[in-house]
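Right, one structure below, let's go through it.
The values are calculated or read from the model by the stated rules, or taken from the named source; none is laboratory data. What you are looking at is a predicted structure, and each value in this text was computed from that prediction instead of being measured. Backbone-built Cβ (ideal geometry, glycine too); neighbour counts: all protein chains shown. Keep in mind that these areas ignore ligands, DNA and RNA; they rest on the heavy atoms of the full protein, side chains included. Shrake-Rupley method; radii C 1.70, N 1.55, O 1.52, S 1.80 Å.
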Amino acid sequence: MEHPPTAEATESHYFINNPPPKSLKSNVTLAREFIDRHAEIGRRVVLVTSGGTTVPLETQTVRYIDNFSAGTRGATSAEYFLQEGYAVIFLHRQFSLLPYSRHYSHNTRSFLDFMKEENGRVVVDEQHQEEMLRVLRQYTEAKRENKLLILSFVTITEYLWELREVAKLMQPLGPKALFYLAAAVSDFFVPHDRMVEHKIQSSEEFSQTNGNNGNSSGKPPAARTEGRSLVIDLEPVPKFLKQLVDGWAPEGMIVSFKLETDPSMLVRKAQYSLEKYAHHLVIGNLLMTRKWEVVFVSTMEGEKWIRVPRNRRTKSISGIESWVGRAAGANADSAEPARAE
Ligand code: PAZ
């Protein structure tokens with residue numbers, strides 16, 4: 001009888017077969033410097049992941065599968081972690097929302113709507129002065145103190161490579177390392193050795209016909225045209241949360257998120273995840289209500305809902321970061337009670 005591969009074998013198979021992003025080396029250098037600097041002064045460091053991962057269908061990518069995440073949760077949470085005294089590594093999907101600038105981007109309004117012309121100069125409109133000054137001060141302070149490192153990914157494989165390398169770099173921080181995994185990570189993907197090189201053609205007439213569609217592995221391509229249909233055969237992305245907990249960050253505090261659309265599944269799946277991976281906290285949310293309610297599922301406290309009024313949903317459920325920050329032991333004396341904004 002064949003045994004399922006071990007977690008270690010699955011990990012090495014994935015990372016050997018799916019090459020790292022070009023930017024990995026320089027990102028690792030940046031992250032190492034950042035972590036060392038904050039470790040030296042005993043500051044807590046949180047890795048916030050944010051936004052959605054893509055699943056490319058071609059090596060020279062024209063088409064890819066994506067998901068809904070705009071990075072609101074991650075970008076907003078990063079601001080609150082900074083406020084709680086953490087240094088933040090913000091690993092986000094390229095062009096998704098960023099801490100601080102999120103207030104003025106991806107909006108129904110253009111950032112130019114916040115400006116006006118005065119005596120031939122561009123100035124911030126009076127009605128936005130106060131709010132923008134508050135945001136600007138926070139941003140400037142985070143920059144001045146070098147407390148925010150921004151890294152990016154696009155694909156699922158880039159995300160996993162960066163997560164693994166940064167997590168390993170954070171090991172010397174011990175329990176002062178916090179992982180806040182808010183990115184919407186794809187469950188299925190096209191492995192590199194089954195990816196076609198060139199743009200998938202819309203008719204069989206022009207499809208690549210050399211059997212393996214341009215990949216050198218000899219494996220059947222994961223995406224092909226049949227008649228006028230596109231057939232995509234995705235494989236499961238290995239669940240690396242176990243590896244993070246046991247191997248990459250054994251001493252860190254790990255908070256994962258669970259997104260569902262069916263309310264009857266949410267808590268059950270969050271509990272399942274907690275039992276399976278034995279990390280510290282799962283924050284569950286439903287697609288339709290994620291802006292105003294989440295459920296915390298932890299071994300210590302069981303199931304606990306946090307809700308904020310619906311009409312203030314454009315902000316964050318900021319109690320999350322405060323709660324997580326306190327649970328991780330940060331600013332234990334000065335932490336405010338969980339706020340709902
Ligand atoms: O980025 P966003 O604010 O639009 O959405 C946040 C979220 C729903 C992606 C996040 O809260 C979450 O649940 N992330 C994990 C998703 C998952 O892989 O189950």
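Counting only the backbone N, which residues of region 56-72 are under 15 Å from the spot 7 Å out from the Cα of LYS219 toward its beta-carbon? The answer is 56-59.
Any idea what % of Cα-Cα pairs in region 113-163 are farther than 18 Å? Here the long-distance tail beyond 18 Å is 59 percent of all Cα pairs in region 113-163.
Within region 1-63, list the GluC sites (Glu not before Pro) lying in a DSSP loop whose Cβ has at most 11 other Cβ atoms in a 10 Å radius. Those that pass, being in a loop and sparsely packed, are GLU2. Remark: relative contact order (region 1-115) = 22 percent; criterion is Cα-Cα distance under 8 angstrom and separation of 6 or more residues. Identify the residues of region 51-74 with backbone N under 20 Å of a label point that sits 7 angstrom from the Cα of LEU230 along the Cα-to-Cβ direction, or state none. Residues passing the 20 Å test: 52-69.
Within the chain, the longest run free of trypsin sites (Lys or Arg not before Pro) that sit in a DSSP loop with at most 12 other Cβ atoms within 10 Å is 110-227.
Ordering VAL55, LEU91, SER77 by Cα displacement along the dipole of region 23-132 toward the positive end leaves VAL55 in first place; charges were set at the Cβ atoms of Lys, Arg (+1) and Asp, Glu (-1).
DSSP bridge analysis restricted to the chain gives an antiparallel fraction near 40%, rounded to the nearest 5. From the Cα gyration tensor of region 219-271, with a ≥ b ≥ c the square roots of its eigenvalues, which class applies: rounded if a/c is under 1.5, or else prolate if a/b is larger than b/c, or else oblate? It comes out oblate by the Cα gyration axes.
Of all the Cα-Cα pairs you can form in region 51-150, what percent are over 24 Å apart? That tail contains 38 percent of the Cα-Cα pairs.
Using C-alpha pairs under 8 Å with a sequence gap of at least 6, the mean separation divided by the residue count of the chain gives a relative contact order of 18 percent. For region 245-305, averaging the sequence separation of C-alpha pairs within contact (under 8 Å, six or more residues apart) and dividing by the residue count gives a relative contact order of 31 percent. The C-alpha radius of gyration of region 142-189, expressed as a fraction of 2.2 N^0.38 Å, stands at 1.34. Sparsely packed loop sites in region 1-106 (the chymotrypsin sites (Phe, Trp or Tyr not before Pro) outside DSSP H, G, I, E and B with at most 10 other Cβ atoms within 10 Å) comprise PHE68. Here the mean projected area of the convex hull built on the C-alpha positions of the chain is 22.1 nm². Annotation: average projected area of region 119-198 is 11.2 square nanometres, based on the convex hull of Cα atoms across all directions.
Across the accessible surface of the chain, with the other protein chains kept in place and a 1.4 Å probe, carbon and sulfur atoms take up 52 percent. In the context of the full set of protein chains, the chain has a per residue accessible area of 53 Å² (1.4 Å probe).
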